[in-house]
Amino acid sequence: MNAWMALSKYIRAKDRRCVTCITGMAEHCGHYQRNSERNQQLGGNALWYDARNFGGQCLRCNNYCGGEQQRFALYLEAKYGNGILQELNKLYNTSKKWTREELLEVKEKYEKLYQEVS
């Protein structure tokens with residue numbers, strides 16, 4: 001399992017229910033700020049593995065409703081307070097070169113957190 005898979009598994013287990021519609025099951029690990037460039041092995045941005053950017057989402061909200069970005073933003077502000085969206089946007093625009101050691105630490109962190117919530 002890699003760092004992304006560990007984070008995704010943790011988020012879905014932690015939230016259990018969709019954070020945007022509340023009725024669906026958290027089948028997906030949705031995100032507020034897109035991380036599509038994550039497929040690059042290293043490099044990217046400082047937001048890639050920040051759990052605050054992610055939430056469990058149902059298939060409908062994540063795939064068919066474009067991630068329900070407005071509802072996702074409301075969820076984040078309710079959970080983390082005013083200013084979280086600006087903080088996430090700043091991290092998204094901050095370049096970060098991830099080392100293999102950091103990715104291993106991220107993986108281990110989220111595997112441990114998954115064990116605590118499951």
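The values are calculated or read from the model by the stated rules, or taken from the named source; none is laboratory data. What you see is a predicted model, and the numbers here were worked out from it, not measured in a lab. Every residue, glycine as well, gets a Cβ built from its backbone with ideal geometry; the counts of neighbours run over all protein chains shown. Just the protein is used for accessible areas: all its heavy atoms, side chains included, with ligands, DNA and RNA removed. Shrake-Rupley method; radii C 1.70, N 1.55, O 1.52, S 1.80 Å.
Size of the chain: Rg and Dmax of its alpha carbons, in Å, are 13.8, 38. One decimal place: the segment E105-C65 gains 11.1 nm when fully extended, by the rule 0.36 nm per residue minus the C-alpha distance.
Taking amide hydrogens as placed 1.01 Å from N in the peptide plane, the amide H of M25 sits under 5 Å from those of C18, each at least 5 positions away in sequence or on another chain. One Cα centroid belongs to the stretch 1-33, the other to the stretch 74-89; the line between them spans 17 Å.
Only Cα pairs under 8 Å and 6+ residues apart enter the sum, and on that basis the relative contact order of the chain stands at 39 percent.
Whole-Hz Karplus values for the stretch 51-67 come out as 4, 5, 7, 10, x, x, 9, 7, 4, 4, 5, 6, 8, 8, 10, x, x Hz, taken residue by residue from phi with 6.51 cos²θ - 1.76 cosθ + 1.60 and θ = phi - 60°; glycine and proline positions read x.
Order these peptides, 74-87, 102-115, by their mean beta-carbon neighbour count within 10 angstrom, highest first.
Descending mean neighbour count gives 102-115, 74-87.
Helix content alone sets the calculated 222 nm mean residue ellipticity of the chain: runs of n ≥ 4 DSSP H residues at -39500 (n - 2.57) each, divided across all residues, give -14000 deg cm²/dmol. Within the accessible surface of the chain, defined with a 1.4 Å probe on protein heavy atoms only, the carbon and sulfur portion equals 49 percent.
What is the calculated FRET efficiency for A73 to S118, with r their C-beta to C-beta distance and R₀ = 22 Å, to the nearest 0.05? Present the calculation step by step, with values, prior to reporting the outcome.
Values: r = 28 Å, r/R0 = 1.26.
Once the sixth-power term is evaluated, E becomes 0.20.
Which net charge results when you count Lys and Arg as +1 and Asp and Glu as -1 among the other residues whose beta-carbon is under 14 Å from that of V117? Once positives and negatives cancel, what remains is +4. What the stretch 43-96 shows is 51 Å² of accessible area per residue, with the surface traced by a 1.4 Å probe over protein heavy atoms.
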